[in-house]
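K.L.:
First the structure, which I've put down as structure tokens, then a few questions once you've had a look.
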Amino acid sequence: GTPTYATGGITAFTVSTPGVFTVNPTYLTQSETSGNGGNFALTSPTFTAFPVIKKITLPFTVTNAVDPMSGCQLDGFGLLTQSGTNIFWQSDEGDITAWDALNFNSATGDPDNIVALAQQHREIFIFKEHDTEVWINAGVTGFTFQRLTSVFIETGLAASASVSSIGETLILLSKTTTGEGIVVQLRGYAPTRISTHAIEHAIQAE
């Protein structure tokens, strides 16, 4: 039969000469039109299977499958942690499928490992086991992100999936130097305890 595709949910048109597809097309790219109103002809249509899942080859070997990786993006760059290390990687600009083997850096304010990344106010917060660093897009060639050396937050992250962006701040499950879990809110670069003793007791019981 002749397939019919909705255009923006308003009208529909018919492809008068159906072709043969290796997969069922679910997305149409309108390459060129002629005419106007209800009388237009679509020429040179391009059909694409959508969504497209593309395998990404990373420039490093995952040696510790237990520790999860964490990622975020800023200014068209993807950033990804290397599990069990203080190393994180940067993708090519505008293409998170391309990762140069030389585009990596280390969060070395302290030698502990990275737990998670988060982006807030166009800054990259690198949450580590015992502390947090802040990096920005400095616009330099190669690895474009550079650390804000004036900022060093002596608060670590207890769980990689516990960081949330709430309004203009980040909230996370942190831990004290003795390993006790507390919920903190980053107000600027200052961590402020927002959990109660009852919540912290419940966290410790888990």
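The values are calculated or read from the model by the stated rules, or taken from the named source; none is laboratory data. As the structure is a prediction and not an experimental result, all values here were calculated from the model. These area figures cover heavy atoms from the full protein model, side chains too; ligands, DNA and RNA do not enter into them. Shrake-Rupley method; radii C 1.70, N 1.55, O 1.52, S 1.80 Å.
K.L.:
Straight-line reach from residue 54: which aspartates and glutamates have Cα under 15 Å away, leaving out those fewer than 8 places along the same chain?
P.N.:
List returned: 95.
K.L.:
Now, a different point. For residue 160, what residues show an amide H to amide H distance below 5 Å, using hydrogens built from the backbone and excluding near sequence neighbours?
P.N.:
So residue 160 has HN proximity to no qualifying residue.
K.L.:
Evaluated at 37 °C with a viscosity of 0.692 mPa s, what Stokes-Einstein diffusion coefficient in µm²/s does region 88-146 have when Rh comes from the Kirkwood expression over alpha-carbon pairs?
P.N.:
It comes out at roughly 268 µm²/s.
K.L.:
Among 141, 192, what's the order by accessible area (1.4 angstrom probe), most exposed first?
P.N.:
Of 141, 192, the descending order of accessible area is 141, 192.
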